[in-house]
Every structure is written in C-alpha cells, then in structure tokens.
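Presented below is the structure to which this report refers.
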Amino acid sequence: MGSSVSSTNLIKIPVVKLKVGMFVTAIDRANSQVAIAHAGQVKSKEAITRLAKNNIKFVWVDVERSDESCGLKPVKPEKLSIQSGKPLAKKAVKTRDGQQTKAKVILSEAKDLIKKVMAETFEGKAVEVGPFEEVADKMIESVMDDADAFRCISALRTKDAYLLEHSINVAFLLVTFGRYLKLDIQLIREMAVGGILHDIGKVKVDNKILHKPARLTPEEFELMKMHQVYAVDIMAETQGLSQVSKDVCLMHHEKLDGKGYPKGLKGDEIPLHGRMSCIVDIYDALTATRCYKEAMSPAAAFKILISLTPFHLDQALVYEFIRCVGVYPVGSLVQLSDERVGIVWDSKDRDALHPIVKCFYSLKHKRYTEVAMVDLKKSELNIERGVSPSSLDVDPSPFY
C-alpha cells in the first residue's frame, strides 16, 4: 500500500473533473492515497490528459491550495437584513493599496516632524511630546490594520535620509516587536515615541562626522558617541516624556556586559524595553543603505545579532525578534527556485517559508519580467535565499 496523505482540505475527484488551477497532492490507487513527487497546481489541460493516459481515474486535490477560479471553495451566502430581507451593505474593505497609501502619509508626517524638531532642538528649543504621541498612535493603528503594508513602505530606504528613516523604522520595529510580545498598548506607545526620538542627540554632532562617507576613526567614533550625552540633556528638558520613552532614547547603545554607553548599564539595569531598543537599532542600521555601506539582507543581519549574544544583546530576546520579523521579512528581496527575484509581499497567517512574493526580475535572463504575485502556498516554487538590494543590477524601488 502506498504512503498515506491526510488533510481535512483534501477531496477525491475523478480525473475527468479536474480543472486547471486545482492543486493535486496525490493519486488514488486501490482506494489508497499515494503521494506524488511533483505535487502542485494543474497548469494546463495537457497535464490532465497525461494523467488520463496513465490510467489514473481519481486524484486527491487540496481545496485550500487550489485557485479560487476552480470553484472548489464555498462562497459564503450574503447576510440579509432582518427588516428588509435584502443583503446587508458590505463594509468598506481595507485594500493593500489603501493601507500602503496610509502608511506613506504616516511616514511623511513623521519625517517632517523629526526634521522640524531637530531644527528647533539645534536652536535650543525644548521638544514637545504631543505631536510624537500622535504619530505613534497612527503608527500603532497602521500596524494593527496591516503591518505588511507598513513594512513594505518602510523597506524603501535612501542614503540621504538615513537619520530620518532610521528613527521611524526603529519606532515601527518596536511597535511590531511589542505587539508580538503582547505588551501593554500604552507601553508600546511610549516605546514608539522613544524610538522616533532615539537619535535626537545627533543634531548636536558635527555634520562632517555625522555624514562622513566612510567608516569613522576611533577618535571620530568617540565624538559620535557624544550624541547620547547630548540626548541626556535634551531628555531632561523635555516636559511630559515618559520614563519608558527616555529609556529607549538613552539605552539603545547599552550592553548587557556593561561595556555600552552612555552610562555603562549592566544586566538587569537595562529593562525589557531598553534591551528591545538595542536589538532593533542594530538590526535597522545593518539592513539600511548608508553613505559608506550597502544594505545587508535580513538573514545576514540576524547572524550578526546572534553573534552579539549573550554579552551585548539579550539572547532570548534576539531569537524572539527573529521569529517576530521572520526569516524573510515583508519588504525584503528573495530569489525563488526558478531564479526570479521578488519582494516578499504578504505574510499574514502564513509560515515563514510560504509568503506571497511579488516577482519582477529574472537573474537567469538578466532582465525585468512581467510582474507576478506568486503564492508559495499554491506553487511548486520555493525561496532559495534572501537577496540584498546591492547585489542586483537594477533598482527594485518602483515595484514597492
């Protein structure tokens, strides 16, 4: 007897009833399911003909992984209004395009706010917390509605706007990570405010050092580290800023072994939100394009984060962060097994290896391809590896 393939999604149907788009997982022999090596969606009528010629009468089809056009998935009946007996008006559907447009607006508002506050801080004015709390609330709402939309928009990086984008991304990552850890919403809000403000001290660092298109010398790095000393003074003058927000701002360069700065905090002196800020700050810096380096792939960044445990970063938290972001995060680039490159587009309710990928380029043919959404739950393809943007000969940004 052949090997059994069982699933509540599987149904047995005659080969003569097969349709293009159905996902065949097994053939039926002697009333037993026998798994086949090349399970996948039926691509053509010729494939159905071949099955019939091989005297296969019945096959097992996975309803969930079959295309909706096949008619296997039940259509939910419209609910009727009790008063009129007519279908109820449908609620407005939040589309991905709509959510990405909303995310772009939030990012733009956040950038403008940071630029304004940095200019005012440079002039010696105190930071007003209210506008940052408003942006944090919008960011949290966006993540709750569709985190993938925000991830895709925040993945678009530019060298010239690193400081602004880095601050926003750190806040977004803290919101995402905090939600994953099921932290209290008020705590997440305060962490987000701290994330947006976490590099505010850099406004007082010499621009020649801040924007140097090469690695800093040891002497220059010591001057760069002064941004945390400046931040202490700025935080002290900021009215209404929570202690959590201050901690995120002042602890993201601390290390568990006490060798960080500005205070050399050690072990339990760094609270959970402080430890989280250390992780997300490093991750975002590694995966960003800088004036002196190209962006790393998330996978490469994860390796560095792990190498910094347990002396610098909290090991358990690093592994939780990797689970939260995912091996192939939404917005990152991947190469599929057919050598197409695409953007990881949708991961909601999916395992890490089966997202929807928006393919746009072929490494094999060195050219753009027709844009195609590949659902790896319903495809025979798989992800071969993560790809860093710098390794491509083309700019992926138009496809986000």
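The values are calculated or read from the model by the stated rules, or taken from the named source; none is laboratory data. From a predicted model like this one, the values you see are computed outputs, not experimental measurements. Virtual Cβ from ideal backbone geometry, glycine too; neighbours counted across all protein chains shown. Heads up: the accessible areas ignore ligands, DNA and RNA and are worked out on the full protein's heavy atoms, side chains in. Shrake-Rupley method; radii C 1.70, N 1.55, O 1.52, S 1.80 Å.
Exactly one residue out of 265, 336 is in contact with a Lys or Arg (Cβ under 9 Å, 6 or more places away or on another chain) and surrounded by fewer than 22 Cβ atoms within 10 Å (Cβ to Cβ): that is 265. Each residue in the stretch 218-233 was checked for being open to solvent by less than 10 Å² (accessible area, probe 1.4 Å) and either touching a strand residue (DSSP E or B) at 6+ places or on another chain (Cβ under 7 Å) or among the hydrophobic types (A, V, I, L, M, F, W, C) (or both), and 1 pass. Residues in the stretch 48-62 that are closer than 17 Å to residue 12 by Cβ, open to solvent by 30 Å² or more (accessible area, probe 1.4 Å) and either among the hydroxyl-bearing types (Ser, Thr, Tyr) or in contact (Cβ under 8 Å) with a residue 40 or more places away in the chain (or both): 3 in all. Only residues that are in a helix (DSSP H, G or I) and small (Gly, Ala, Ser) were counted across the stretch 247-306, and they come to 7. Screening residue 215 against (1) at pLDDT 85 or above; (2) open to solvent by less than 30 Å² (accessible area, probe 1.4 Å) leaves a single unmet condition, (2). Close Cβ contacts (under 6 Å, 6 or more residues apart or on different chains) running from residues in the stretch 109-125 that are under 18 Å from residue 207 (Cβ atoms) to residues that are open to solvent by less than 50 Å² (accessible area, probe 1.4 Å) and not acidic (Asp, Glu) comprise 114/164; 114/167; 117/127; 118/203; 121/203; 122/203. For the stretch 268-286, filtered to residues that are open to solvent by less than 30 Å² (accessible area, probe 1.4 Å) and not aliphatic (A, V, I, L, M), the residue that is nearest to residue 315 (Cα to Cα) is 278. Scanning the stretch 310-326 for residues that are open to solvent by 20 Å² or more (accessible area, probe 1.4 Å) and either on the phi > 0 side of the Ramachandran plot or free of Cβ contacts under 8 Å to residues at least 24 places away in the same chain (or both) turns up 315, 316, 319, 322.
Checking each residue in the stretch 275-302 for being modelled with pLDDT of 95 or more and basic (Lys, Arg) picks out only 275.
The set of residues from the stretch 373-400 being more than 24 Å from residue 325 (Cα to Cα) and free of Cβ contacts under 8 Å to residues at least 24 places away in the same chain is empty.
Look at residue 208 and say whether it is out of contact with any strand residue (DSSP E or B) (no Cβ under 7 Å at 6 or more places or on another chain) and open to solvent by less than 90 Å² (accessible area, probe 1.4 Å). No; evaluated as a whole, the condition is false for this residue. Of the residues 102, 138, the single one that is assigned to a helix (DSSP H, G or I), open to solvent by 50 Å² or more (accessible area, probe 1.4 Å), among the basic types (Lys, Arg) and more than 21 Å from residue 280 (Cβ to Cβ) is 102.
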